[in-house]
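Here's the structure we're looking at; comments come further down.
The values are calculated or read from the model by the stated rules, or taken from the named source; none is laboratory data. What you are looking at is a predicted structure, and each value in this text was computed from that prediction instead of being measured. Virtual Cβ from ideal backbone geometry, glycine too; neighbours counted across all protein chains shown.
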């Protein structure tokens, strides 16, 4: 069982020739309204990769709520513990995607800021649970939930996105930390871990696994004395929105299947690559069959 505790949004996506610089207005031909939010995206990614998933999030009672949840409902993601707030609006992300597929994102939290760790009952947290966390809801709620989950023997996967601080005691409750090179460098500096490999320093200091996404270079990971390097699929990206969420969800689904770490990392790398071939976040997340086929194509 996978539990995703995090944001549920509606994404407003504009396609532009280039990403706007500070103070610049860039005009595009149109926009799309698609469901998103890292909690929802990663839940759906894990579900499409074959896992049983519950998403615990908070939406408003407004017109954006049902569109934000529609794809989760259709995919069979559990919403038994979803919270509906009477005052705050459903969260919204404003996304620009340029002609090269790179993106720029601003997120209005809305109801996501009302989500509390207490929305996750203790019965959902146990040795057979993988808990996925991000930083799009109130961080302190996620850290409290990580501590609760660790005490109950659950496996905790934290995707440090968007980048920011994590208390040392919360990091020690994490089994796998997923981040990119910039996020790894920032977190290493925050905890004054010195020079050298940022991922290795974090893994050693907090006795956790660290998975670093490297874009076209694939994925690197370390845990204890072990090191892994997994290549990326050879693709021409259309839209990188959702790639990180696809990787995290597929990784969690592979762990849920008890696959070995290297194989789980290969699932993550392939899922992230496949997500770059289709515009949008949830619309781009690959199926289990597509991931398995992609894994066979890796070098």
- Query: What number of residues within the stretch 250-287 satisfy the criterion of being modelled with pLDDT of 95 or more, touching a strand residue (DSSP E or B) at 6+ places or on another chain (Cβ under 9 Å) and more than 17 Å from residue 230 (Cα to Cα)?
  - Reply: 2
- Message: For the stretch 29-40: of the residues being more than 18 Å from residue 83 (Cα to Cα) and touching a residue at least 24 places away in the same chain (Cβ under 8 Å), which is farthest from the chain's Cα centre (by Cα)?
- Response: 32
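Give the number of residues within the stretch 118-149 that are surrounded by fewer than 19 Cβ atoms within 10 Å (Cβ to Cβ) and assigned to a helix (DSSP H, G or I). Spell out how you get there, then give the answer.
Looking only at the stretch 118-149, we keep the residues that are surrounded by fewer than 19 Cβ atoms within 10 Å (Cβ to Cβ), and these are 118-119, 121-123, 126-128, 138-140, 144, 147-148.
In the following step, the residues that additionally are assigned to a helix (DSSP H, G or I) were identified as 118-119, 122-123, 139-140, 144, 147-148.
Looking only at that region, the number is 9.
The rows are residues; the columns are (1) crowded, with 21+ Cβ neighbours inside 10 Å; (2) over 15 Å from residue 136 (Cα atoms).
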position: 54; (1), (2): no, yes
position: 57; (1), (2): yes, no
position: 67; (1), (2): no, yes
position: 77; (1), (2): yes, yes
position: 93; (1), (2): yes, no
position: 108; (1), (2): no, no
position: 116; (1), (2): no, no
- First in the stretch 242-261 and touching a residue at least 40 places away in the same chain (Cβ under 8 Å), second anywhere and in a loop (DSSP other than H, G, I, E, B) and surrounded by fewer than 21 Cβ atoms within 10 Å (Cβ to Cβ), Cβ under 6 Å, 6 or more apart: 253/50
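To keep it simple, each residue is scored yes or no on (1) over 24 Å from residue 271 (Cα atoms); (2) in contact (Cβ under 8 Å) with a residue 60 or more places away in the chain; (3) in contact with a strand residue (DSSP E or B) (Cβ under 7 Å, 6 or more places away or on another chain).
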position	(1), (2), (3)
43	no, yes, yes
46	no, yes, yes
55	no, no, yes
58	yes, yes, yes
61	yes, no, yes
66	yes, no, no
70	no, no, yes
73	no, no, no
86	yes, no, no
- Message: Please go through (1) in contact (Cβ under 8 Å) with a residue 60 or more places away in the chain; (2) assigned to a loop (DSSP other than H, G, I, E, B); (3) at negative phi for residue 280 and return the number of the only condition it doesn't satisfy.
- Response: (3)
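Conditions tested, residue by residue: (1) modelled with pLDDT under 95; (2) more than 17 Å from the chain's Cα centre (by Cα); (3) part of a loop (DSSP other than H, G, I, E, B); (4) under 25 Å from residue 141 (Cα atoms).
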site: 20; (1), (2), (3), (4): yes, yes, yes, no
site: 27; (1), (2), (3), (4): yes, yes, yes, no
site: 42; (1), (2), (3), (4): no, no, no, yes
site: 50; (1), (2), (3), (4): no, no, yes, no
site: 71; (1), (2), (3), (4): no, no, no, no
site: 96; (1), (2), (3), (4): yes, yes, no, no
site: 100; (1), (2), (3), (4): yes, yes, yes, no
